[in-house]
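One structure is given below, represented as structure tokens, and several questions about it will come after.
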Amino acid sequence: MLPKGLKSATALVCLIALLTLAGCTAATLDSQSNTAAPVGQLTQESDRSSMIVPALWAARQSDGAMIGGLELAGIAVTTSGPPGFTIDLTDIDADGAGAAWRAATSSAAVVATMFSGTDPTKVNLNFSITGPIDGPSAGGILSVALLAALRGQSMLPRVTMTGTITPDGSIGQVGGVPTKIESAAAAGYQTVVIPLVNVKGSTRDGGEIDCVEFGAKLGVKVVPVQTLAEAFEVLTGHSFFPVSTGVYSAPPLTLEMNNAMSVAMTQRLTRAIATAPAGLAPTEKRFLADALSVASNAIAAGEFAKAYGVSAFALLRVTRAIGAASTQTVIDSRGRVAAETQLRTDIKKSLTTAEELLKKTSALPGLPYEQQLSAPSALGWVTYAIAIYRGLISELDNDTPESALVEAGRILAEQRLNVDVMFQDAMASVLSMPSTVDVPAENSVSFLSNYTNFLIRSGQANEEYLKSLTGRDVPVSGSLTAGGISAAVHELRKIVDAIPPQAQTSQEEVAQSAYALSYYVLTSTLVANSTTYGAYDDGTENDLQTLRNQAALDSAVDSGQETVNAFAARLAESGIEASYPFWSAAWGAAVAREYRGTEYSADAGTIGLNELWYDAPNVFMLNAGGGLRVASS
């Protein structure tokens, strides 16, 4: 919700990082008395509002010692300027800021704008910076600052924050938290907000400390948070959600549909187990049997989201095994060349099917508001698969070892399941959503077009950051890096680069929005795996993943579902239905929680988080587009 006077006006939001460089020491950074207004206070002049916001940083020197400080970011909000939704990163590039800062500011703009309910057709964002500051850990406080500026609210004095921002509004893990707390204390700050997962930190000599207790000894109150809404409340003193927000409850017909899908998914698992390869590992057979038991008991207990999630996860695993075994059989009986030829034929056939399905679904006539804005999220199953299929073809054009062919067979089978089963269920859930919202078609088309452009820009910033970490573009090497995701991003970049910035037809905008959302989610996934979660495949035949930071992933799943649920309840109160993203988040989080503490925790958690990263933008867009309504019955 925009503050009074901004609801019908165009807003120009400029983030200007001012006054200090990354090399400044903490002692020079207490600038409360050196600015025109106290740090964090919103100043309003005519059609312009501005604020200076403190962002913590930390870095390791060449001798291994940690140093830290506080950067001051300037934020200006003005009601003048052309309508539209753009991000100008030219100044940042010109001033030598790092790719991490570009990714952080871009992600903050995406999440905060959607989180705030701002219509992208009514806002123009511009980012500029005066010095070479860097680091993704400013993403959280930049998001809070944008929310505060859009609402016409100030931040509390002597408060600061560190933490990344993710597509679902979660506050993600950062490094150097004890050093940042020391810097905040030295600069006279009284409250420091940190990610919940960072409560346990490392000392300079490698030991472990409790950051809350550490801050207390320095006279600083350290507040751990998981979500952007929590951070907003601590930093501004205002609740983000209305106090009256209750618990969301899906409409009866939609609930009945989702419950029936849970039963059907469990039945699919039963049939898949019966036809599983004879050579399936005993441990995998036990896993499948246990999963079927858990799902059946969940249905009996009325826990349908849990039943669906566990059944879908187990079905995915047995489908992967069947795909890998099928390819290995061809290699053993007919040779490597025959197996590669067969894979190419099957992948191209599956690609054609997926592309036709995307075209057919995006052309569905007369979709009401909620269904039209939720379709790109459901179509994520298809656009993800299209990108994977194209990526597999690119990978096979390289010198692909036999092990990679088997992996390609596994991935192909998985994506076929996603298109044939997961997407069909998702779209059925979308189409079951009731609607009383009346939005002119041209309004929703323009809205989708602007969000498409915005998501693409953020995905591009993520790619630039990944390149800065590795020194090369996202790779296509024949080794199926990250389970084919790297090659998929490579292909998605080609697709989104060809998307025109101007609004197209409704059919084209739905499809383009689905591609842009997958591009944003997949590049965010690669960034998170490289920085926060530390995901990598362990190379076992069961296709397990290992995480270097499982706690961070678990925290993200919990906070992501909390955010989706809160938005669904808020939307319901305003007459907008969000049953599809609520359901998708419910089963995704349920499967992640079911396997925590087991050898399957990383794999299940990653699946759950991927769902949430599609669901959160879905509810954000439903919220932001609420102003497009002209009538409701």
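Any read-out appearing in this document is the output of simple, stated calculations on the displayed coordinates, not a laboratory observation. Predicted model only: the values in this text are computed from it and were never measured. Heads up, the Cβs are rebuilt from the backbone with ideal geometry, glycines too, and the neighbour counts pull from every protein chain shown.
What residues have an amide H closer than 5 Å to that of Thr227, excluding those fewer than 5 places away on the same chain, when H is modeled at 1.01 Å from N in the peptide plane?
Ile171
Something else now. Return the equivalent ellipsoid semi-axes of the stretch 252-625 as a descending list in whole Å, where each equals the square root of 5 times an eigenvalue of the C-alpha gyration tensor.
Equivalent ellipsoid semi-axes, largest first: 31, 26, 20 Å.
Let me ask another. If packing is taken as the average count of other Cβ atoms within 10 Å, what order do 354-360, 446-452 fall into, highest mean first? Could you put the intermediate results ahead of the total?
Details: 354-360: 17.0, 446-452: 26.0.
In decreasing order of mean packing, 354-360, 446-452 become 446-452, 354-360.
Whole-Hz ³J(HN,Hα) for each residue in the stretch 253-263, computed from phi via Karplus 6.51 cos²θ - 1.76 cosθ + 1.60 with θ = phi - 60°, x for glycine and proline: what do you get?
5, 5, 4, 4, 4, 5, 5, 5, 5, 5, 4
Mind sorting Met427, Met261, Met66 by how few other Cβ atoms lie within 10 Å of their own Cβ, fewest first? Kindly include the intermediate steps, with their values, before the conclusion.
Values: Met427 21, Met261 24, Met66 17.
The order, fewest Cβ neighbours first, is Met66, Met427, Met261.
Right, something else. What FRET efficiency would be calculated for the residue pair Leu253, Thr470, taking the C-beta separation as r and a Förster radius of 45 Å, to the nearest 0.05? The partial results should precede the final answer.
Values: r = 48 Å, r/R0 = 1.08.
After rounding, the FRET efficiency stands at 0.40.
What net charge do the residues around Val564 carry, taking every other residue with its C-beta under 9 Å from that of Val564, with Lys and Arg at +1 and Asp and Glu at -1? Don't jump to the answer; show the numbers that get you there.
Details: positive: none; negative: Asp168, Glu562, Asp615.
That works out to -3.
Under a 5 Å amide H to amide H cut-off, with H placed in plane at 1.01 Å, what residues pair with Asp438 once short-range neighbours are removed?
So Asp438 has HN proximity to Val630, Ala631.
Additional query: Counting other beta carbons within 10 Å of each Cβ, put Asp346, Asp332 in order, fewest first. Mind showing how you got there, number by number?
Numbers: Asp346 20, Asp332 10.
Fewest-to-most ranking of Asp346, Asp332: Asp332, Asp346.
Can you give me the long-range amide H partners of Ile165? Hydrogens built in the peptide plane at 1.01 Å from N, cutoff under 5 Å, separation of 5 or more residues or another chain.
Gly139, Gly140, Gly172
Taking the Cα centre as origin and putting +1 on Lys and Arg beta-carbons and -1 on Asp and Glu beta-carbons, what dipole magnitude results for the stretch 206-358, to the nearest 20 debye?
On the way: 14 positive and 14 negative charges, 141 e Å.
Once rounded to the nearest 20, the dipole reads 680 debye.
Also, quick follow-up: Provide the gained length on full extension for the span Ala338 to Asp497, in nm with one decimal, where the gain is 0.36 nm per separating residue minus the Cα-Cα distance. All intermediate terms of the calculation are to be shown ahead of the outcome.
Working: separation 159, 0.36 × 159 = 57.24 nm, distance 3.46 nm.
So the chain would gain 53.8 nm between Ala338 and Asp497.
With θ set to phi - 60° and the Karplus curve 6.51 cos²θ - 1.76 cosθ + 1.60, what are the ³J(HN,Hα) couplings of the stretch 223-233 in order, to the nearest whole Hz, using x for Gly and Pro?
With coefficients 6.51, -1.76 and 1.60, one gets 10, x, 9, 10, 10, 5, 4, 5, 4, 4, 5 Hz.
Still on this structure, I have one more. Using the basic label-point model (7 angstrom from Cα toward the beta carbon), what is the Ile67 to Ala428 distance in nanometres?
With each label point 7 Å from Cα toward Cβ, the separation is 6.1 nm.
Another question, then. For the pair Lys348 and Ser574, what calculated FRET efficiency results from E = 1/(1 + (r/R0)^6), where r is the Cβ-Cβ distance and R0 = 56 Å, to the nearest 0.05? Mind dumping the intermediate values first?
Details: r = 46 Å, r/R0 = 0.82.
It comes to 0.75.
Separate question: Would you work out the Kirkwood radius for the stretch 215-319? I mean one over the mean of 1/r across all pairs of different Cα atoms, in Å. Before the final figure, lay out the partial values.
On the way: mean 1/r = 0.0577 Å⁻¹.
One decimal place: 17.3 Å for the Kirkwood radius.
Among Ile411, Ile52, Ile171, Ile209, which comes first, second and so on when ranked by fewest other beta-carbon atoms within 10 Å? Present the calculation step by step, with values, prior to reporting the outcome.
On the way: Ile411 28, Ile52 25, Ile171 33, Ile209 16.
With the fewest neighbours first, Ile411, Ile52, Ile171, Ile209 line up as Ile209, Ile52, Ile411, Ile171.
How large is ³J(HN,Hα) for each residue in the stretch 558-573, as worked out from phi by the Karplus curve 6.51 cos²θ - 1.76 cosθ + 1.60 (θ = phi - 60°), to whole Hz, x for Gly and Pro?
Couplings: 4, 6, x, 5, 4, 5, 4, 5, 5, 5, 4, 5, 5, 5, 4, 5 Hz.
Follow-up. Going highest first, how would you order 582-588, 275-281 by mean Cβ packing within 10 Å? Walk me through the numbers on the way to the answer.
On the way: 582-588: 28.1, 275-281: 12.3.
Top of the packing list down: 582-588, 275-281.
A further question follows. Going down the table (Lys348/Lys467; Lys180/Lys217; Lys467/Lys494; Lys285/Lys349), which pairs top 19 Å between alpha carbons?
On the way: Lys348/Lys467 29 Å; Lys180/Lys217 14 Å; Lys467/Lys494 17 Å; Lys285/Lys349 31 Å.
In this structure, Lys348/Lys467; Lys285/Lys349 lie more than 19 Å apart at Cα.
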